[in-house]
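See structure below.
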Amino acid sequence: MLSLMDHFKTFAAQIPSVSDREIGLYENFFQILLDWNQRMALVSKKSIELSFANHFVDSLFISDFGRMFLDGDTVFDLGSGAGFPGLVFAIRNPEVRVVLYEKLLKKQTFLNAVVNQLQLKNVSVQGAMPERQHKGLVLARAVMPPAELFPFLHPRMSEGAVLVVNIGGQTEKPEAPKGFQLLKEKTYPLPLDCGSRRALAYKIVSRETKK
């Protein structure tokens with residue numbers, strides 16, 4: 001299996017540009033993930049073998065798409081899991097504060113280990129997302145089905161806040177429910193024959209605002 005660094009060089013023309021600093025941190029992140037994944041199932045074996053495309057490149061595209069809607073200096077990553085896309089966003093945007101919400105204790109422990117070992121001063125790890133209004137940008141990658149995600153987040157996002165979700169490239173686009181307005185969408189291909197994905201941005205609007 002090629003190293004993450006080799007993959008970044010091989011597929012440089014097909015993915016968002018990354019700095020040498022980023023590549024080094026992503027490689028270290030990946031090595032920690034490989035080590036921890038042997039002791040606890042953070043991601044599936046098949047998923048770990050395709051981590052470059054399915055996790056890192058996917059998170060790069062989501063990060064750059066979400067960055068367009070950043071209002072303020074804080075990003076919230078819902079259900080961060082093994083750190084995608086939250087840790088990738090944090091490495092890519094060191095000037096932005098990133099809050100990782102993860103309710104499972106073992107994954108919180110892993111995330112804190114990565115944050116500490118990579119010395120990511122702009123990242124904090126918290127438990128389940130509290131029911132208070134969050135202002136700014138919320139990332140939600142493969143957390144829960146849209147039918148559950150929208151009602152879960154509506155009371156947790158302030159008016160004007162933006163939610164970025166991603167789905168399979170051929171998956172039917174979820175209809176924006178009352179209180180959400182679709183702002184923009186982007187379809188992007190993944191390397192290693194991993195298909196395509198689509199990122200969608202929804203804005204919280206007042207109940208009087210029509211979709």
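For residues that are more than 15 Å from the chain's Cα centre (by Cα) and among the β-branched types (Val, Ile, Thr), scanning just the stretch 111-133, find the one that is surrounded by the most Cβ atoms within 10 Å (Cβ to Cβ).
So the residue we want is 114.
Note down all Cβ pairs under 7 Å where the first residue falls in the stretch 8-30 and is acidic (Asp, Glu), the second is part of a helix (DSSP H, G or I), and they're at least six residues apart or on different chains.
So the pair list comes out as 22/91; 22/92; 27/4; 27/5.
Confirm whether residue 136 is touching a Ser or Thr at 6+ places or on another chain (Cβ under 6 Å), modelled with pLDDT under 95 and surrounded by 16 or more Cβ atoms within 10 Å (Cβ to Cβ). Lay out the reasoning, then the answer.
Details: touching a Ser or Thr at 6+ places or on another chain (Cβ under 6 Å): yes; modelled with pLDDT under 95: yes; surrounded by 16 or more Cβ atoms within 10 Å (Cβ to Cβ): yes.
So residue 136 fits the description; yes.
Yes/no matrix, rows are residues, columns are (1) surrounded by fewer than 24 Cβ atoms within 10 Å (Cβ to Cβ); (2) at pLDDT 95 or above; (3) part of a helix (DSSP H, G or I):
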| site | (1), (2), (3) |
| --- | --- |
| 48 | yes, no, yes |
| 69 | yes, yes, no |
| 90 | no, yes, yes |
| 99 | yes, yes, no |
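Hey, can you tell me all the residues within the stretch 187-200 that are touching an Asp or Glu at 6+ places or on another chain (Cβ under 9 Å) and either surrounded by fewer than 20 Cβ atoms within 10 Å (Cβ to Cβ) or among the aliphatic types (A, V, I, L, M) (or both)? Explain how you work it out, then say what you get.
Going residue by residue through the stretch 187-200, those that are touching an Asp or Glu at 6+ places or on another chain (Cβ under 9 Å) are 188, 190, 194, 197-200.
Matches in the stretch 187-200: 190, 194, 198, 199, 200.
Working only within the stretch 9-48, note down all residues that are of a type in the set (Phe, Trp, Tyr), closer than 16 Å to residue 84 by Cβ and over 17 Å from the mean Cα position of the chain (by Cα).
Residue satisfying the conditions is 36 alone.
Take the residues of the stretch 150-186 that are farther than 24 Å from residue 73 by Cβ, of a type in the set (A, V, I, L, M, F, W, C) and surrounded by fewer than 21 Cβ atoms within 10 Å (Cβ to Cβ): which is nearest to the chain's Cα centre (by Cα)?
Keep residues of the stretch 150-186 that are farther than 24 Å from residue 73 by Cβ, which gives 150-152, 167-179, 182, 185.
Those left that are additionally of a type in the set (A, V, I, L, M, F, W, C): 150, 152, 167, 176, 182.
Okay, now just the ones that are also surrounded by fewer than 21 Cβ atoms within 10 Å (Cβ to Cβ), so 152, 167, 176, 182.
Numbers: 152: 17, 167: 12, 176: 20, 182: 19 Å.
So, considering only residues that are farther than 24 Å from residue 73 by Cβ, of a type in the set (A, V, I, L, M, F, W, C) and surrounded by fewer than 21 Cβ atoms within 10 Å (Cβ to Cβ), the one nearest to the chain's Cα centre (by Cα) is 167.
In this structure, is residue 38 under 17 Å from residue 3 (Cβ atoms) and without any contact (Cβ under 8 Å) to a residue 60 or more places away in the chain? Full working, then the answer.
Numbers: under 17 Å from residue 3 (Cβ atoms): no; without any contact (Cβ under 8 Å) to a residue 60 or more places away in the chain: yes.
Against the criterion (under 17 Å from residue 3 (Cβ atoms) and without any contact (Cβ under 8 Å) to a residue 60 or more places away in the chain), residue 38 does not qualify.
Among the residues of the stretch 71-83, is any in contact (Cβ under 8 Å) with a residue 40 or more places away in the chain and closer than 15 Å to residue 15 by Cα?
no
Looking only at residues that are of a type outside the set (Ser, Thr, Tyr) and not in a helix (DSSP H, G or I) in the stretch 78-88, which one is surrounded by the most Cβ atoms within 10 Å (Cβ to Cβ)?
Of all residues in the stretch 78-88, those of a type outside the set (Ser, Thr, Tyr) come to 78-79, 81-88.
Retained after the next criterion (residues that are not in a helix (DSSP H, G or I)): 78-79, 81-85.
Values: 78: 26, 79: 20, 81: 21, 82: 22, 83: 28, 84: 24, 85: 30.
Ranking the candidates gives 85 first.
Restricted to the stretch 1-16, and to residues that are part of a helix (DSSP H, G or I) and among the small types (Gly, Ala, Ser), which residue is nearest to residue 109 (Cα to Cα)? Break it down into steps so the answer makes sense when it comes.
Pass one, the stretch 1-16, residues part of a helix (DSSP H, G or I): 4-10, 12-14.
Narrowing the set further to residues that are among the small types (Gly, Ala, Ser) leaves 12-13.
Details: 12: 32, 13: 35 Å.
Out of the qualifying residues, it is 12.
Tally the residues that are outside any helix (DSSP H, G or I) and either surrounded by 14 or more Cβ atoms within 10 Å (Cβ to Cβ) or among the β-branched types (Val, Ile, Thr) (or both), restricting the search to the stretch 17-46. If you could, list the steps in order and put the result at the bottom.
As a first pass, look at the stretch 17-46 and keep what is outside any helix (DSSP H, G or I): 17-19, 38-44.
From what's left, either surrounded by 14 or more Cβ atoms within 10 Å (Cβ to Cβ) or among the β-branched types (Val, Ile, Thr) (or both): 18, 42-43.
The number of residues fulfilling the criteria is 3.
Which condition from (1) in contact (Cβ under 8 Å) with a residue 40 or more places away in the chain; (2) over 17 Å from residue 202 (Cα atoms) is the one that residue 95 breaks?
(1)
Of everything in the stretch 54-76, what is touching a Gly at 6+ places or on another chain (Cβ under 9 Å), more than 20 Å from residue 185 (Cβ to Cβ) and of a type outside the set (Ser, Thr, Tyr)? Give them in sequence order.
The answer is 55, 72, 73, 76.
Taking only pairs six or more apart or across chains, which ones have beta-carbon atoms under 8 Å, a first residue in the stretch 47-61 that is farther than 19 Å from residue 24 by Cβ, and a second residue that is of a type in the set (S, T, N, Q) and surrounded by 24 or more Cβ atoms within 10 Å (Cβ to Cβ)?
58/166
The values are calculated or read from the model by the stated rules, or taken from the named source; none is laboratory data. Worth saying up front: this structure is predicted, and the values here are computed from it rather than measured. In this analysis, Cβ positions are derived from the backbone assuming ideal geometry, glycine residues included, and neighbour counts consider all displayed protein chains.
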